[in-house]
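Read through the structure below, which is laid out as C-alpha coordinates, and then see the notes.
The values are calculated or read from the model by the stated rules, or taken from the named source; none is laboratory data. Given the structure is predicted, the values throughout are model-derived calculations rather than measurements. All Cβ positions, glycine included, derive from the backbone under ideal geometry; neighbour counts span all protein chains shown. Calculation scope for accessible area: heavy atoms of the full protein, side chains included, ligands and nucleic acids excluded. Shrake-Rupley method; radii C 1.70, N 1.55, O 1.52, S 1.80 Å.
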Amino acid sequence: MKPEGVMGFDTPQIRKVLFVILDGVGDRPCGALGGATPLGAASLPNLNRLARQGVCGLMDPIAPGITVATHTGTALLMGLSRQRAERLARGPVEAVGIGIPLQPGDVAIRGNFSTLRSREGRLEILDRRAGRISEGADELAALLQRVDLGEGIRADLFPATQHRAVLRLSGEHLSSAISDSDPGGGGPNPLFIQPSKALRPGEREAERTAHALNRFLRIAYERLDGARLNQIRRVQGLTPANGIITRDAGKHEPLNSLVQHHQLKAAVVAGERTVIGLARLFGYEVRENPAFTALPDTDLGAKVAATGELLRGNDIVFLHIKGPDIAAHDKRPQEKKALLERIDTALVPLLDQGYVVAVTGDHATDSNTGVHCADPVPAMLFVPGRRGDTCRRFNERSCVDGGMGRITSTRFLLSTLETIGV
(Lines give C-alpha, C1' and ligand atoms only; values in the text may rest on other atoms or scores of the structure.)
Protein backbone atom coordinates (compact mmCIF):
# COMPACT_ATOMS: atom_id res chain seq x y z
CA MET A 1 0.00 0.00 0.00
CA LYS A 2 1.37 3.38 -0.95
CA PRO A 3 2.35 5.58 2.06
CA GLU A 4 0.25 8.69 2.62
CA GLY A 5 1.54 11.66 0.66
CA VAL A 6 3.33 9.73 -2.10
CA MET A 7 2.78 11.03 -5.59
CA GLY A 8 2.43 8.24 -8.09
CA PHE A 9 3.29 8.63 -11.76
CA ASP A 10 -0.36 8.47 -12.77
CA THR A 11 -2.34 9.77 -9.78
CA PRO A 12 -0.84 12.93 -8.22
CA GLN A 13 -1.55 13.53 -4.55
CA ILE A 14 -0.69 16.36 -2.20
CA ARG A 15 2.87 16.15 -0.93
CA LYS A 16 4.24 17.23 2.43
CA VAL A 17 7.67 18.80 2.97
CA LEU A 18 10.12 17.86 5.69
CA PHE A 19 12.62 20.73 5.82
CA VAL A 20 15.65 19.94 8.00
CA ILE A 21 17.82 22.89 9.07
CA LEU A 22 21.16 21.76 10.51
CA ASP A 23 22.46 24.90 12.18
CA GLY A 24 26.07 25.66 11.22
CA VAL A 25 26.37 22.43 9.24
CA GLY A 26 28.99 23.71 6.79
CA ASP A 27 32.61 23.71 7.94
CA ARG A 28 36.24 23.82 6.85
CA PRO A 29 38.90 21.07 6.83
CA CYS A 30 39.93 20.15 10.37
CA GLY A 31 43.29 18.70 11.40
CA ALA A 32 41.59 16.64 14.10
CA LEU A 33 39.63 14.89 11.33
CA GLY A 34 42.55 14.26 9.01
CA GLY A 35 41.80 17.30 6.88
CA ALA A 36 38.13 16.47 6.39
CA THR A 37 35.16 18.56 7.48
CA PRO A 38 32.88 17.09 10.17
CA LEU A 39 30.25 16.48 7.49
CA GLY A 40 32.80 14.91 5.15
CA ALA A 41 34.21 12.65 7.87
CA ALA A 42 30.83 11.53 9.20
CA SER A 43 29.19 8.23 8.29
CA LEU A 44 25.79 9.28 6.94
CA PRO A 45 24.19 6.31 5.15
CA ASN A 46 20.69 7.78 5.18
CA LEU A 47 21.46 11.32 4.10
CA ASN A 48 23.88 9.99 1.51
CA ARG A 49 21.16 7.73 0.10
CA LEU A 50 18.84 10.71 -0.25
CA ALA A 51 21.66 12.64 -1.92
CA ARG A 52 22.09 9.87 -4.49
CA GLN A 53 18.35 9.81 -5.19
CA GLY A 54 17.82 13.57 -5.09
CA VAL A 55 19.54 16.70 -6.33
CA CYS A 56 22.24 18.62 -4.49
CA GLY A 57 24.08 21.90 -4.67
CA LEU A 58 25.80 24.60 -2.66
CA MET A 59 23.79 27.37 -1.03
CA ASP A 60 24.75 30.91 -0.10
CA PRO A 61 22.27 32.28 2.45
CA ILE A 62 22.27 35.73 0.86
CA ALA A 63 25.10 35.89 -1.67
CA PRO A 64 28.67 34.57 -2.03
CA GLY A 65 31.10 36.05 0.47
CA ILE A 66 28.51 37.27 2.96
CA THR A 67 28.60 35.83 6.48
CA VAL A 68 25.23 35.63 8.23
CA ALA A 69 24.01 34.95 11.74
CA THR A 70 21.53 32.26 12.74
CA HIS A 71 18.51 34.56 12.77
CA THR A 72 19.23 35.84 9.28
CA GLY A 73 20.10 32.48 7.72
CA THR A 74 17.16 30.68 9.30
CA ALA A 75 14.68 33.46 8.52
CA LEU A 76 15.62 33.23 4.83
CA LEU A 77 15.07 29.46 4.80
CA MET A 78 11.72 29.93 6.52
CA GLY A 79 10.57 32.37 3.86
CA LEU A 80 11.66 35.91 4.75
CA SER A 81 12.70 38.09 1.82
CA ARG A 82 16.34 39.02 1.41
CA GLN A 83 15.55 42.73 1.71
CA ARG A 84 13.80 42.24 5.06
CA ALA A 85 16.32 39.68 6.31
CA GLU A 86 19.24 42.04 5.82
CA ARG A 87 17.75 44.47 8.36
CA LEU A 88 16.31 41.89 10.76
CA ALA A 89 17.46 42.60 14.33
CA ARG A 90 17.86 39.57 16.55
CA GLY A 91 16.89 41.24 19.82
CA PRO A 92 13.14 41.37 19.15
CA VAL A 93 13.21 37.87 17.63
CA GLU A 94 14.69 36.39 20.80
CA ALA A 95 12.34 38.44 22.95
CA VAL A 96 9.35 36.88 21.20
CA GLY A 97 11.07 33.48 21.41
CA ILE A 98 11.14 33.56 25.21
CA GLY A 99 7.73 35.20 25.55
CA ILE A 100 8.70 38.75 26.52
CA PRO A 101 5.88 41.22 25.85
CA LEU A 102 7.03 44.24 23.84
CA GLN A 103 5.16 47.52 23.82
CA PRO A 104 5.36 50.09 21.02
CA GLY A 105 8.62 51.99 21.44
CA ASP A 106 10.39 49.29 23.49
CA VAL A 107 13.90 48.31 22.39
CA ALA A 108 14.84 44.63 22.71
CA ILE A 109 18.54 43.75 22.81
CA ARG A 110 20.21 40.37 22.72
CA GLY A 111 22.63 39.81 25.60
CA ASN A 112 25.11 37.40 27.11
CA PHE A 113 26.03 36.77 30.71
CA SER A 114 29.79 37.24 30.52
CA THR A 115 32.92 37.43 32.64
CA LEU A 116 34.22 41.00 32.99
CA ARG A 117 36.88 42.86 34.88
CA SER A 118 37.11 46.51 35.77
CA ARG A 119 40.41 48.19 34.99
CA GLU A 120 41.13 51.90 35.08
CA GLY A 121 37.44 52.66 35.15
CA ARG A 122 36.66 50.57 32.06
CA LEU A 123 34.96 47.20 31.78
CA GLU A 124 36.83 44.55 29.78
CA ILE A 125 35.58 41.20 28.52
CA LEU A 126 37.44 38.08 29.65
CA ASP A 127 34.88 35.46 28.57
CA ARG A 128 31.93 36.35 26.32
CA ARG A 129 29.86 33.41 27.61
CA ALA A 130 30.97 33.10 31.25
CA GLY A 131 32.02 29.52 30.62
CA ARG A 132 28.65 28.86 28.97
CA ILE A 133 26.90 29.16 32.32
CA SER A 134 24.08 26.62 32.36
CA GLU A 135 22.59 27.03 35.86
CA GLY A 136 21.60 30.03 37.90
CA ALA A 137 20.86 32.50 35.11
CA ASP A 138 17.35 33.04 36.52
CA GLU A 139 18.81 34.06 39.88
CA LEU A 140 21.20 36.52 38.25
CA ALA A 141 18.56 37.99 35.93
CA ALA A 142 16.30 38.63 38.93
CA LEU A 143 18.88 41.16 40.14
CA LEU A 144 18.39 43.16 36.96
CA GLN A 145 14.63 43.64 36.88
CA ARG A 146 13.00 47.07 36.89
CA VAL A 147 16.33 48.91 36.79
CA ASP A 148 15.79 52.69 36.77
CA LEU A 149 18.21 54.25 34.30
CA GLY A 150 16.94 57.78 34.71
CA GLU A 151 15.12 60.05 32.26
CA GLY A 152 12.09 57.77 32.40
CA ILE A 153 13.98 54.75 31.01
CA ARG A 154 13.67 51.31 32.62
CA ALA A 155 15.62 48.12 31.94
CA ASP A 156 14.50 44.52 32.49
CA LEU A 157 16.73 41.51 31.84
CA PHE A 158 15.26 38.08 31.04
CA PRO A 159 17.23 34.79 30.89
CA ALA A 160 17.13 32.77 27.69
CA THR A 161 19.21 29.66 26.91
CA GLN A 162 22.45 29.00 28.85
CA HIS A 163 24.44 32.25 28.90
CA ARG A 164 22.00 34.09 26.67
CA ALA A 165 19.57 36.76 27.79
CA VAL A 166 17.31 39.47 26.40
CA LEU A 167 17.30 43.05 27.65
CA ARG A 168 14.20 45.20 27.27
CA LEU A 169 14.49 48.98 27.47
CA SER A 170 11.20 50.80 28.08
CA GLY A 171 10.51 54.51 27.95
CA GLU A 172 9.89 57.34 25.55
CA HIS A 173 12.11 58.41 22.68
CA LEU A 174 14.28 55.28 22.52
CA SER A 175 16.21 54.16 19.44
CA SER A 176 17.65 50.86 18.23
CA ALA A 177 20.33 52.66 16.20
CA ILE A 178 23.10 51.89 18.70
CA SER A 179 26.32 49.93 18.56
CA ASP A 180 27.02 46.52 20.12
CA SER A 181 29.06 46.03 23.27
CA ASP A 182 29.64 42.37 22.35
CA PRO A 183 32.64 42.18 19.98
CA GLY A 184 31.73 38.67 18.85
CA GLY A 185 34.95 37.08 20.09
CA GLY A 186 38.58 37.93 20.80
CA GLY A 187 40.41 39.11 23.88
CA PRO A 188 39.75 41.90 26.40
CA ASN A 189 37.51 44.60 24.98
CA PRO A 190 36.09 47.78 26.52
CA LEU A 191 32.33 48.04 26.84
CA PHE A 192 31.01 51.30 25.53
CA ILE A 193 27.81 51.86 23.56
CA GLN A 194 27.41 54.70 21.12
CA PRO A 195 24.95 55.72 18.40
CA SER A 196 25.52 53.64 15.28
CA LYS A 197 25.04 56.49 12.84
CA ALA A 198 25.49 60.24 12.68
CA LEU A 199 22.67 62.15 14.29
CA ARG A 200 20.83 64.98 12.62
CA PRO A 201 20.18 68.14 14.63
CA GLY A 202 17.35 67.63 17.09
CA GLU A 203 17.41 63.78 16.84
CA ARG A 204 18.94 62.58 20.07
CA GLU A 205 17.06 59.32 20.61
CA ALA A 206 20.04 57.12 19.72
CA GLU A 207 22.42 59.13 21.88
CA ARG A 208 19.94 59.02 24.77
CA THR A 209 19.50 55.26 24.40
CA ALA A 210 23.26 54.67 24.21
CA HIS A 211 23.85 56.61 27.44
CA ALA A 212 21.10 54.66 29.19
CA LEU A 213 22.51 51.33 28.05
CA ASN A 214 26.00 52.27 29.24
CA ARG A 215 24.50 53.03 32.64
CA PHE A 216 22.82 49.64 32.65
CA LEU A 217 26.07 47.79 31.82
CA ARG A 218 27.83 49.44 34.76
CA ILE A 219 24.91 48.74 37.13
CA ALA A 220 24.79 45.12 35.96
CA TYR A 221 28.48 44.64 36.76
CA GLU A 222 28.09 46.23 40.20
CA ARG A 223 25.13 44.00 41.09
CA LEU A 224 26.37 40.75 39.57
CA ASP A 225 30.02 40.81 40.63
CA GLY A 226 29.24 40.23 44.29
CA ALA A 227 26.14 38.07 43.74
CA ARG A 228 25.81 34.91 45.83
CA LEU A 229 25.93 32.66 42.78
CA ASN A 230 29.15 34.22 41.53
CA GLN A 231 30.78 33.82 44.93
CA ILE A 232 29.95 30.13 44.73
CA ARG A 233 31.26 29.89 41.16
CA ARG A 234 34.59 31.41 42.17
CA VAL A 235 34.96 28.92 45.05
CA GLN A 236 34.23 26.11 42.57
CA GLY A 237 36.90 27.39 40.20
CA LEU A 238 34.33 28.58 37.65
CA THR A 239 34.34 31.93 35.89
CA PRO A 240 31.84 34.40 37.36
CA ALA A 241 28.91 35.58 35.26
CA ASN A 242 29.42 39.11 36.51
CA GLY A 243 28.43 41.22 33.53
CA ILE A 244 26.21 41.64 30.51
CA ILE A 245 27.30 42.31 26.94
CA THR A 246 24.80 43.31 24.28
CA ARG A 247 24.16 43.26 20.54
CA ASP A 248 21.42 43.29 17.87
CA ALA A 249 19.13 45.99 19.24
CA GLY A 250 15.79 46.36 17.50
CA LYS A 251 12.10 47.16 17.76
CA HIS A 252 9.26 44.76 17.11
CA GLU A 253 8.01 44.55 13.51
CA PRO A 254 5.70 41.95 11.92
CA LEU A 255 7.22 39.44 9.48
CA ASN A 256 5.79 38.00 6.27
CA SER A 257 7.04 34.93 4.44
CA LEU A 258 6.84 33.16 1.10
CA VAL A 259 5.18 30.25 2.88
CA GLN A 260 2.35 32.49 4.09
CA HIS A 261 2.13 34.15 0.68
CA HIS A 262 1.31 30.76 -0.86
CA GLN A 263 -1.22 30.03 1.92
CA LEU A 264 0.63 26.95 3.15
CA LYS A 265 0.33 25.62 6.69
CA ALA A 266 3.71 25.50 8.38
CA ALA A 267 5.10 24.30 11.70
CA VAL A 268 8.47 24.44 13.45
CA VAL A 269 10.17 22.01 15.84
CA ALA A 270 13.07 23.67 17.66
CA GLY A 271 14.83 24.18 20.96
CA GLU A 272 16.58 27.40 19.95
CA ARG A 273 14.74 30.50 21.15
CA THR A 274 15.75 32.54 18.13
CA VAL A 275 14.12 30.02 15.82
CA ILE A 276 11.04 29.79 18.03
CA GLY A 277 10.81 33.57 17.93
CA LEU A 278 10.95 33.57 14.13
CA ALA A 279 8.26 30.90 13.96
CA ARG A 280 5.95 32.93 16.20
CA LEU A 281 6.54 36.10 14.23
CA PHE A 282 5.70 34.23 11.02
CA GLY A 283 2.58 32.74 12.58
CA TYR A 284 3.75 29.12 12.20
CA GLU A 285 2.70 26.40 14.60
CA VAL A 286 5.43 25.82 17.18
CA ARG A 287 6.23 22.58 19.00
CA GLU A 288 8.34 23.02 22.13
CA ASN A 289 9.54 20.57 24.74
CA PRO A 290 12.06 20.90 27.61
CA ALA A 291 13.94 18.02 25.97
CA PHE A 292 14.39 20.13 22.82
CA THR A 293 17.55 21.97 23.83
CA ALA A 294 19.78 24.14 21.70
CA LEU A 295 22.73 21.89 22.56
CA PRO A 296 24.20 18.65 21.19
CA ASP A 297 22.37 16.78 23.97
CA THR A 298 18.94 17.59 22.53
CA ASP A 299 16.45 14.71 22.40
CA LEU A 300 16.58 13.92 18.68
CA GLY A 301 14.09 11.08 18.96
CA ALA A 302 11.48 13.33 20.56
CA LYS A 303 12.08 16.02 17.96
CA VAL A 304 11.64 13.55 15.12
CA ALA A 305 8.46 12.16 16.69
CA ALA A 306 7.01 15.65 17.05
CA THR A 307 7.92 16.42 13.45
CA GLY A 308 6.09 13.32 12.25
CA GLU A 309 2.98 14.33 14.16
CA LEU A 310 3.04 17.86 12.76
CA LEU A 311 3.45 16.65 9.20
CA ARG A 312 -0.03 15.15 9.40
CA GLY A 313 -1.64 18.56 9.69
CA ASN A 314 0.80 20.89 7.94
CA ASP A 315 2.13 21.34 4.42
CA ILE A 316 5.70 21.98 5.55
CA VAL A 317 7.49 21.33 8.84
CA PHE A 318 10.84 22.90 9.65
CA LEU A 319 12.96 20.69 11.93
CA HIS A 320 15.76 22.84 13.35
CA ILE A 321 18.76 21.30 15.13
CA LYS A 322 21.18 23.76 16.76
CA GLY A 323 23.80 21.32 18.06
CA PRO A 324 26.21 21.26 15.07
CA ASP A 325 26.67 25.02 15.37
CA ILE A 326 27.35 24.83 19.11
CA ALA A 327 29.97 22.11 18.66
CA ALA A 328 31.72 24.19 15.99
CA HIS A 329 31.62 27.34 18.14
CA ASP A 330 33.30 25.33 20.89
CA LYS A 331 35.98 24.15 18.39
CA ARG A 332 34.99 20.50 18.77
CA PRO A 333 34.89 19.06 15.24
CA GLN A 334 34.81 15.47 16.47
CA GLU A 335 31.72 16.22 18.57
CA LYS A 336 30.12 17.88 15.55
CA LYS A 337 30.87 14.79 13.43
CA ALA A 338 29.40 12.45 16.06
CA LEU A 339 26.25 14.58 16.34
CA LEU A 340 25.75 14.58 12.57
CA GLU A 341 25.92 10.77 12.64
CA ARG A 342 23.30 10.67 15.40
CA ILE A 343 21.08 12.98 13.39
CA ASP A 344 21.42 10.75 10.34
CA THR A 345 20.17 7.77 12.36
CA ALA A 346 17.44 9.71 14.15
CA LEU A 347 15.87 10.87 10.87
CA VAL A 348 15.11 7.32 9.68
CA PRO A 349 11.44 7.26 10.86
CA LEU A 350 10.71 10.31 8.69
CA LEU A 351 12.32 8.94 5.54
CA ASP A 352 10.60 6.72 2.97
CA GLN A 353 7.23 8.14 4.00
CA GLY A 354 6.55 9.87 0.71
CA TYR A 355 7.67 13.27 1.98
CA VAL A 356 9.68 15.76 0.01
CA VAL A 357 12.87 16.10 2.07
CA ALA A 358 14.99 19.25 2.02
CA VAL A 359 18.22 19.33 4.06
CA THR A 360 20.63 22.22 4.46
CA GLY A 361 22.01 24.69 7.00
CA ASP A 362 21.55 28.34 7.82
CA HIS A 363 25.26 29.10 7.52
CA ALA A 364 28.72 27.54 7.88
CA THR A 365 30.61 27.56 11.19
CA ASP A 366 34.36 26.94 11.20
CA SER A 367 35.36 24.44 13.90
CA ASN A 368 38.96 25.68 13.71
CA THR A 369 38.17 29.26 14.70
CA GLY A 370 34.77 28.81 16.35
CA VAL A 371 33.11 31.53 14.27
CA HIS A 372 30.68 31.74 11.36
CA CYS A 373 32.20 31.97 7.90
CA ALA A 374 30.95 32.93 4.45
CA ASP A 375 31.48 29.51 2.86
CA PRO A 376 28.45 28.08 1.01
CA VAL A 377 26.66 25.21 2.71
CA PRO A 378 25.56 21.92 1.13
CA ALA A 379 21.90 21.63 0.19
CA MET A 380 19.94 18.56 -0.84
CA LEU A 381 16.39 18.08 -2.15
CA PHE A 382 14.79 14.66 -2.44
CA VAL A 383 11.47 14.34 -4.26
CA PRO A 384 9.87 10.88 -4.55
CA GLY A 385 9.51 9.85 -8.17
CA ARG A 386 11.86 12.48 -9.58
CA ARG A 387 15.25 11.88 -11.10
CA GLY A 388 18.42 12.70 -9.23
CA ASP A 389 21.85 13.97 -10.24
CA THR A 390 25.35 12.52 -10.02
CA CYS A 391 26.03 13.61 -6.43
CA ARG A 392 26.79 10.61 -4.22
CA ARG A 393 27.28 12.08 -0.76
CA PHE A 394 25.89 14.94 1.31
CA ASN A 395 28.90 17.07 2.14
CA GLU A 396 30.68 20.24 1.09
CA ARG A 397 32.93 18.66 -1.53
CA SER A 398 30.41 16.35 -3.21
CA CYS A 399 27.63 18.92 -3.43
CA VAL A 400 29.85 21.14 -5.59
CA ASP A 401 28.91 18.93 -8.56
CA GLY A 402 25.20 18.73 -7.74
CA GLY A 403 22.52 19.52 -10.27
CA MET A 404 21.19 22.53 -8.37
CA GLY A 405 24.46 24.36 -8.79
CA ARG A 406 25.10 27.31 -6.51
CA ILE A 407 21.93 29.00 -5.30
CA THR A 408 20.62 31.30 -2.56
CA SER A 409 18.49 30.28 0.40
CA THR A 410 15.44 31.89 -1.17
CA ARG A 411 15.94 29.98 -4.41
CA PHE A 412 16.36 26.72 -2.49
CA LEU A 413 13.10 27.31 -0.60
CA LEU A 414 11.28 28.18 -3.82
CA SER A 415 12.60 25.01 -5.47
CA THR A 416 11.31 23.05 -2.51
CA LEU A 417 7.87 24.67 -2.58
CA GLU A 418 7.64 24.03 -6.31
CA THR A 419 7.61 20.31 -5.61
CA ILE A 420 4.24 20.61 -3.86
CA GLY A 421 2.63 22.64 -6.59
CA VAL A 422 3.41 26.20 -5.51
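Residues of segment 330-363 being surrounded by fewer than 24 Cβ atoms within 10 Å (Cβ to Cβ) and either in contact with a His (Cβ under 9 Å, 6 or more places away or on another chain) or of a type in the set (S, T, N, Q) (or both), which ones?
Of everything in segment 330-363, those that are surrounded by fewer than 24 Cβ atoms within 10 Å (Cβ to Cβ) and either in contact with a His (Cβ under 9 Å, 6 or more places away or on another chain) or of a type in the set (S, T, N, Q) (or both) turn out to be GLN334, THR345, GLN353.
Are there any helices (runs of 4 or more DSSP H) wholly within segment 274-371 with 1 or more residues that are in contact with a strand residue (DSSP E or B) (Cβ under 8 Å, 6 or more places away or on another chain) and small (Gly, Ala, Ser), and if so which? Working first, answer last.
Details: elements: 300-311, 323-329, 333-346.
So the answer is 300-311, 323-329.
Which condition number does GLY186 fail, the rest of (1) assigned to a loop (DSSP other than H, G, I, E, B); (2) modelled with pLDDT under 90; (3) open to solvent by less than 50 Å² (accessible area, probe 1.4 Å) being met?
Unmet condition: (3).
Looking only at helices (runs of 4 or more DSSP H) that fall completely inside segment 20-84, which ones have 3 or more residues that are surrounded by fewer than 24 Cβ atoms within 10 Å (Cβ to Cβ) and modelled with pLDDT of 95 or more?
Values: elements: 38-41, 45-53, 70-77.
Correct list: 45-53.
Name the residue, out of ARG154, ARG168, ARG146, that is buried (at least 20 other Cβ atoms within 10 Å of the Cβ) and charged (D, E, K, R).
ARG168
Filter segment 250-271 for residues that are among the hydrophobic types (A, V, I, L, M, F, W, C), at pLDDT 95 or above and not in a helix (DSSP H, G or I) and give the result.
Residues satisfying the conditions are LEU264, ALA266, ALA267, VAL268, VAL269, ALA270.
When both residues are 6+ apart or on different chains and their Cβ atoms are under 6 Å apart, which pairs have a first residue that lies in segment 298-321 and is under 9 Å from VAL269 (Cα atoms), and a second that is at pLDDT 95 or above and aromatic (Phe, Trp, Tyr)?
These pairs meet every condition: PHE318/PHE19.
Select, from GLY105, GLY99, GLY121, the only residue that is over 24 Å from GLY271 (Cα atoms), free of Cβ contacts under 8 Å to residues at least 12 places away in the same chain and of a type outside the set (A, V, I, L, M, F, W, C).
Working: GLY105 fails: free of Cβ contacts under 8 Å to residues at least 12 places away in the same chain; GLY99 fails: over 24 Å from GLY271 (Cα atoms).
On inspection, the qualifying residue turns out to be GLY121.
Between a residue in segment 382-410 that is more than 30 Å from ALA69 (Cβ to Cβ) and β-branched (Val, Ile, Thr) and any residue that is in a loop (DSSP other than H, G, I, E, B) and open to solvent by 50 Å² or more (accessible area, probe 1.4 Å), which pairs come within a Cβ distance under 6 Å, given they are 6 or more apart or on different chains?
Nothing qualifies.
Is it the case that segment 119-131 has a residue that's under 22 Å from PHE292 (Cβ atoms) and surrounded by fewer than 22 Cβ atoms within 10 Å (Cβ to Cβ)?
For segment 119-131, residues under 22 Å from PHE292 (Cβ atoms) and surrounded by fewer than 22 Cβ atoms within 10 Å (Cβ to Cβ): present.
Checking ARG87 against (1) over 30 Å from VAL377 (Cα atoms); (2) in a loop (DSSP other than H, G, I, E, B); (3) open to solvent by 30 Å² or more (accessible area, probe 1.4 Å): exactly one of these is not met. Which one?
Unmet for ARG87, out of (1) over 30 Å from VAL377 (Cα atoms); (2) in a loop (DSSP other than H, G, I, E, B); (3) open to solvent by 30 Å² or more (accessible area, probe 1.4 Å): (1).
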